[in-house]
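Every read-out reported here was derived from the displayed coordinates using simple, explicitly stated rules and does not represent laboratory data. Note that the structure is predicted; figures quoted are calculated from it, not measured. Every residue, glycine as well, gets a Cβ built from its backbone with ideal geometry; the counts of neighbours run over all protein chains shown.
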Amino acid sequence: MNSKSLKSVLILTAVLASASAAYASSHGSAPMIKDDAKKEMPMAASAEMAEGEIRKVDMDNKKITLKHGEIKNLDMPGMTMVFQVKDAALLEKAKVGDKVRFKAEKSGGALVVTDMQPAK
Ligand SMILES: [Cu+2]
């Protein structure tokens, strides 16, 4: 290690040490903050539902084509694409042109719709 990089390591260490000391002194009531964060977890879960519009329904292959908005849990922007569905029952009431809210997950290299409901 040359002297220049050693110096930057020392500076970084000093910055981290003072930052964690400041955190500890200004967060004496941390347990209260943590309780509030826990209460909001269910809302965060429902926010994972993405919006979409049905473009094609393929009952035989358990596939659906959706024009979808941003899917945050998959880090995916809006687009039109084919998903597999976890359960064919999800397609029973699906009609082309329907607006839906849905949940998709990555499973074995495929993107699978695990939940879908009509959007109002
Ligand atoms: Cu997509």
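Worth pointing out:
- Residue that is surrounded by the most Cβ atoms within 10 Å (Cβ to Cβ), among those in the stretch 61-106 that are within 18 Å of Lys120 (Cβ to Cβ) and small (Gly, Ala, Ser): Ala94
- Cβ-Cβ under 6 Å pairs, at least 6 apart or on other chains, the stretch 58-85 side more than 9 Å from the ligand (Cβ to nearest atom), far side of a type in the set (Gly, Ala, Ser) and not in a loop (DSSP other than H, G, I, E, B): Lys62/Ala88; Gly69/Ala50; Gln84/Ala110
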